[in-house]
Amino acid sequence: MSLPRVSIIGRPNVGKSSLLNCLAGRKISIVDPTPGVTRDRVSATIPLNTPDRELYVEFVDTGGIGISDPDNLDEAIERQIDYGIRNTDLVILLMDGREGLNALDKKVAERLRKAAITVLPAANKLDAENTPADTAELNRLGFGQPLEISAIHNRNIDILMKRVAKELDRLPARKPEKPAMELAIVGKRNAGKSTIINSLVGHERVIVSEIPGTTRDSVDVDLEIEGRHITLIDTAGLRRKKKISGDIEFYSQHRAMRSVRRADVAAMVLDASVPASKIDKNLAGVISGEYKPALIIVNKWDLARDQTTVEEYGEYFTRTFPSLAFAPVCFTSATEGVNLEETIVTAMELHRQAGKRVSTAQLNHAIEQIKAERGPSHKGGTKVPKIYYASQVSTYPPTIVCFVNDTKSFDRSYRKFLVNRFRDHLPCPEVPIRLFLRNR
């Protein structure tokens, strides 16, 4: 059973994304004066404070009805809006209270009347009571007197939420299910990230186009695999910093990187039909620097399998991305639906490994075996380096502290050797391990 859903519907530039951000208390949708910034359905689960029960609601931001998209994505955006209208329990019809009624508002209203859905009208951008407004004109749409609000200045938002809660009172309240894993799907433009997600969920959840930069917002998509609820995060395609043009692209890239930081596992998508680029290498560095479990999805394998083999590509990947050499590599074809669910299962296994905790005795037994193989050399420090004992202090990622006689005596090479050998001896062979050395 899904949560109650409220879709925010309106023409372009009435403040739909600003309202979602205001309700969520954080920046989810990209806000920009340029019409048509929002393309996909962007949602957030938000609790409504009611006196008698705890009510969680999924609020959905949609594209502007009637937008003329510069990349000719009008039909795809309209399909997303149509889905938002058909699969909702309530619509917030958002209008610009300062501009008053125009032809597009009438078009939106007619569309909602045909859908036979409950509508709450709201006039946005009325930052204060004395802001010039003509809400009486907006009342002519037939949904009642619009509530005067300001999403940017949080004016009358509490009243709007009370009205939403009253309209949804007929629906059962339930708490949102915490996902077993959040998986960020990241990579450069046109690597097939959105196609992978649509193929997994079985419908057009996010817009797919050959035009670079189609995805702008980071979009959370729920999926159930092997009886477990996970969240996929579709992200904007990355490009080199010097080629980023305008605020929209800047915020898209920023949200993609933020998705890596908040996810449990990062899936880096590579296009098998082209060589790895500097963008791919930089992304690998970011994932490695965040100590995120990483899964490498080599997509479009159907276009490359006649030119190379899995073994040859695996060797190529290890040479090209040494910082993620331990990460598993999965070969997929999103358009053909090949090996996608198996890839998600692999990601779930990485999440399990990242949460592994070993006993101090098991860890110190591994230390003794590692020292027997190769002890620390005496090069730069003032003392002969010695490891006394080790302890695991946390998970996600597995974090190990080694107590030594002199941290300065352990060079970078040996620290890297320790981490690699820990993967061989401990039950987390495919995830990053964070290592700290401490003087005893």
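The single residue among Glu78, Glu99, Glu110 that is under 25 Å from the mean Cα position of the chain (by Cα) and surrounded by fewer than 22 Cβ atoms within 10 Å (Cβ to Cβ) turns out to be Glu78. With respect to being within 15 Å of Val186 (Cα to Cα) and either in the same structural domain as Leu426 (by TED's automatic domain parsing) or in contact (Cβ under 8 Å) with a residue 60 or more places away in the chain (or both), Val358 falls outside the description.
Only a single item in (1) in a loop (DSSP other than H, G, I, E, B); (2) within 29 Å of the chain's Cα centre (by Cα) is not met by Asp158, and it is number (1).
Which of the strands (runs of 3 or more DSSP E) found entirely inside the stretch 326-440 contain at least 2 residues meeting this: in contact with a Lys or Arg (Cβ under 7 Å, 6 or more places away or on another chain), exposed (fewer than 15 other Cβ atoms within 10 Å of the Cβ) and among the acidic types (Asp, Glu)?
Values: elements: 329-331, 387-394, 399-404, 434-439.
Where strands (runs of 3 or more DSSP E) fall fully within the stretch 326-440, none carries at least 2 residues being in contact with a Lys or Arg (Cβ under 7 Å, 6 or more places away or on another chain), exposed (fewer than 15 other Cβ atoms within 10 Å of the Cβ) and among the acidic types (Asp, Glu).
Considered as a group, the residues in the stretch 241-262 that are over 30 Å from Pro179 (Cβ atoms) and surrounded by 14 or more Cβ atoms within 10 Å (Cβ to Cβ) include one that is modelled with the highest pLDDT, and that residue is Asp247.
The residues of the stretch 309-348 that are in contact (Cβ under 8 Å) with a residue 40 or more places away in the chain, of a type outside the set (A, V, I, L, M, F, W, C) and closer than 22 Å to Phe422 by Cα, listed by number, are Pro328, Thr346. Of the residues Asp280, Asp247, Asp234, Asp222, which single one is among the acidic types (Asp, Glu), over 15 Å from the mean Cα position of the chain (by Cα) and closer than 20 Å to Ala334 by Cβ? Within the list Asp280, Asp247, Asp234, Asp222, the selection yields Asp280.
On the basis of being modelled with pLDDT of 95 or more and over 18 Å from Leu232 (Cα atoms), does Tyr291 make the cut? Yes.
Kindly indicate whether any position in the stretch 202-210 is assigned to a strand (DSSP E or B), touching a residue at least 24 places away in the same chain (Cβ under 8 Å) and under 25 Å from Trp301 (Cα atoms). No: the stretch 202-210 contains no residue that is assigned to a strand (DSSP E or B), touching a residue at least 24 places away in the same chain (Cβ under 8 Å) and under 25 Å from Trp301 (Cα atoms). Leu295 passes all but one of (1) farther than 19 Å from Leu200 by Cβ; (2) crowded, with 24+ Cβ neighbours inside 10 Å; which number fails? Of everything listed in (1) farther than 19 Å from Leu200 by Cβ; (2) crowded, with 24+ Cβ neighbours inside 10 Å, Leu295 misses just condition (1).
The values are calculated or read from the model by the stated rules, or taken from the named source; none is laboratory data. Everything quoted here is computed from the prediction, not taken from an experiment. Using ideal geometry, Cβ is built from the backbone for each residue, glycine included, and neighbour counts are taken over all protein chains shown.
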